[in-house]
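Quick notes on the structure that follows.
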Amino acid sequence: MSLTYSNMLPLGTKIPSFNLPNVLTGNNFSSDSLSSDSGKIIMFICNHCPYVIHYHDEIINLFDEYSKKNLEFVAISSNDVENYAQDSPENMKILFNDLGLTIPYLYDETQEIAKNYMAECTPEFYLFDNNDLLIYRGRLDDSSPGNGRPITGENLRSAIENFLSGNPIDKYQNPSMGCNIKWK
C-alpha cells in the first residue's frame, strides 16, 4: 500500500462526463443519467484498499441519509484488475451486494475517467451542485486506519449541509488520502 494524496480537481470544474458499466446491473451508466435537479457525489473507491474499507459504514450512512435529501451517489473503481483481481467487476458486485449498497458502482477499465477527475487515490470524494459544477473535493474526514480518530464524515458532511442549505462552502479543503490508484 502506497499512501497517496488527491490532486484536487479545481473547484468550479464541470462534471467530467462518463459512460461506464455498472457492475450491479450489467448496463452502462452515464453522467447524462444524473439529475439536473440535485447534487451529485462521485466517489473513487475500490474493494481492497484499507482506507476505503475503513469508511464502508460511513459511506452507507451518507447514502442512507442524503439520498433522501435529493443527492445522487456514484462510485467508480479504476484499478488495474489484472494485478489486483480483488477489484474485478465480479468482486465489485459481490462487495456492494454484501454491503447492501444499490448506488451505481462503475468500472473504469481504461482508467480514462480517473484521469479526467485527476483522481490519484482511493477513496476520493467529489460533490457537484445542481449545475454540475464541482463545489467540494477531498477527504471524508481526518480519520484513517489506525490513527484512532473517529469516523464522522465531517469534511464531506459539512460541504453537503452547506450546499443543501444554500450556504457557502469553505474553499479551503483537505485532500483525501489513501492507496494510490493501481495504474496499468
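The values are calculated or read from the model by the stated rules, or taken from the named source; none is laboratory data. These figures come from a predicted structure and were not determined experimentally. Neighbour counts run over all protein chains shown; Cβ positions are idealised from the backbone, glycine included.
Here is how the numbers come out for the structure above:
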| quantity | calculated |
| --- | --- |
| Index of the failed condition, Glu120 passing every other in (1) farther than 22 Å from Glu72 by Cβ; (2) surrounded by fewer than 21 Cβ atoms within 10 Å (Cβ to Cβ) | (2) |
| Scan of segment 1-53 for residues that are exposed (fewer than 13 other Cβ atoms within 10 Å of the Cβ), touching an Asp or Glu at 6+ places or on another chain (Cβ under 7 Å) and part of a strand (DSSP E or B), ordered by number | Lys14 |
| Cβ-Cβ under 6 Å pairs, at least 6 apart or on other chains, segment 157-184 side farther than 15 Å from Glu65 by Cβ, far side polar (S, T, N, Q) and assigned to a loop (DSSP other than H, G, I, E, B) | Pro175/Ser6; Ser176/Ser6; Asn180/Ser2; Ile181/Ser78; Lys182/Asn79 |
| Which listed residue is under 27 Å from Asp142 (Cβ atoms), modelled with pLDDT of 95 or more and within 14 Å of the chain's Cα centre (by Cα), from Glu65, Glu58 | Glu58 |
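To keep it simple, each residue is scored yes or no on (1) of a type in the set (A, V, I, L, M, F, W, C); (2) touching a residue at least 12 places away in the same chain (Cβ under 8 Å).
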site: Tyr66; (1), (2): no, yes
site: Ile76; (1), (2): yes, yes
site: Asp98; (1), (2): no, no
site: Tyr107; (1), (2): no, yes
